[in-house]
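The values are calculated or read from the model by the stated rules, or taken from the named source; none is laboratory data. Predicted, not measured: the structure shown is a model, and the values here were computed from it. For neighbour counting, all protein chains shown are included, and Cβ atoms are generated from backbone atoms with ideal geometry for every residue, glycine included.
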């Protein structure tokens, strides 16, 4: 089984974020970066499937040269090879444009399964994987927390609202977006780090037509939430009346009782 895993490099969770002078995004010049959390779980699931049924795990990442650190870490954990869509102008693409670029890069791979994290930790759109499935004409399932690849078809367990779950059977090939926390992620071993140096990293240039085309969405402004405090006096000095008004607000406005 050939499994493609989409992995994105995002700003470190502990980084101090500053808005750039145009108020369109964060200032990235002095940031440290790491792998997107849910993409790490997607890689772990792909490696576990490979260990059970055999096959090949191919990592696909899109970004500037610094994204190589994500790729090398994935190869050290056990991925077999990688595809790097290289470009400084692909970091802030809309989900549709990003999915279109990725589709061009992986179409010839003829993968049995494509996996990605549920959403990225920076934009959080949760759309790229779904749109990619549509472009490639593949069935897809989102918020996946368990995968059974033992048969001819896939059985996946999806997380729904209010503690509900859904088992779903789907044909292969397919695309899955993986929820964070569904397994224990392995660390790269020294042996894996040494072996990663010999593994193939194929560099691909993104389509200039797609990257340079009009965006389907844009960010107008990013700003920090305004802190404010408002005091409201209840009951007009009557403690009993104030208690009644407080209970009504807790019930009807705050909805905590």
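Only a single criterion out of (1) modelled with pLDDT under 95; (2) assigned by TED's automatic domain parsing to the domain that holds residue 110; (3) in contact with a helix residue (DSSP H, G or I) (Cβ under 7 Å, 6 or more places away or on another chain); (4) not in a loop (DSSP other than H, G, I, E, B) is not satisfied by residue 162, namely (3). Please verify whether residue 79 is touching a strand residue (DSSP E or B) at 6+ places or on another chain (Cβ under 9 Å), assigned by TED's automatic domain parsing to the domain that holds residue 188, crowded, with 19+ Cβ neighbours inside 10 Å and in contact (Cβ under 8 Å) with a residue 40 or more places away in the chain, treating the condition exactly as stated. When the stated conditions are applied, residue 79 passes them.
Only one of the numbered conditions (1) modelled with pLDDT of 95 or more; (2) within 17 Å of residue 60 (Cα to Cα); (3) surrounded by fewer than 21 Cβ atoms within 10 Å (Cβ to Cβ) is not met by residue 138, and that is (2).
Per-residue answers, yes or no, for (1) surrounded by fewer than 17 Cβ atoms within 10 Å (Cβ to Cβ); (2) outside any helix (DSSP H, G or I); (3) in contact with a helix residue (DSSP H, G or I) (Cβ under 7 Å, 6 or more places away or on another chain):
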site: 21; (1), (2), (3): yes, yes, no
site: 24; (1), (2), (3): yes, yes, no
site: 31; (1), (2), (3): yes, yes, no
site: 38; (1), (2), (3): no, no, no
site: 46; (1), (2), (3): no, no, no
site: 50; (1), (2), (3): no, no, no
site: 59; (1), (2), (3): no, yes, yes
site: 62; (1), (2), (3): no, yes, yes
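Considering 202, 227, which residue is exposed (fewer than 14 other Cβ atoms within 10 Å of the Cβ) and either touching a helix residue (DSSP H, G or I) at 6+ places or on another chain (Cβ under 8 Å) or not in a loop (DSSP other than H, G, I, E, B) (or both)? None of the others qualify; the one that does is 202.
Only a single item in (1) outside the structural domain of residue 112 (by TED's automatic domain parsing); (2) on the phi > 0 side of the Ramachandran plot; (3) touching a residue at least 24 places away in the same chain (Cβ under 8 Å) is not met by residue 181, and it is number (1). With respect to (1) without any contact (Cβ under 8 Å) to a residue 40 or more places away in the chain; (2) more than 27 Å from residue 110 (Cα to Cα); (3) under 17 Å from the mean Cα position of the chain (by Cα), the lone exception for residue 31 is condition (3).
Scanning region 7-19 for residues that are touching a helix residue (DSSP H, G or I) at 6+ places or on another chain (Cβ under 9 Å) and surrounded by fewer than 17 Cβ atoms within 10 Å (Cβ to Cβ) returns a single hit, 13. Comparison of 106, 131, 114, 135 shows that the only residue that is touching a residue at least 60 places away in the same chain (Cβ under 8 Å) and either touching a helix residue (DSSP H, G or I) at 6+ places or on another chain (Cβ under 6 Å) or part of a helix (DSSP H, G or I) (or both) is 106. Considering (1) touching a residue at least 40 places away in the same chain (Cβ under 8 Å); (2) under 20 Å from the mean Cα position of the chain (by Cα); (3) in the same structural domain as residue 61 (by TED's automatic domain parsing); (4) not in a helix (DSSP H, G or I), the lone condition that residue 156 does not fulfil carries the number (1).
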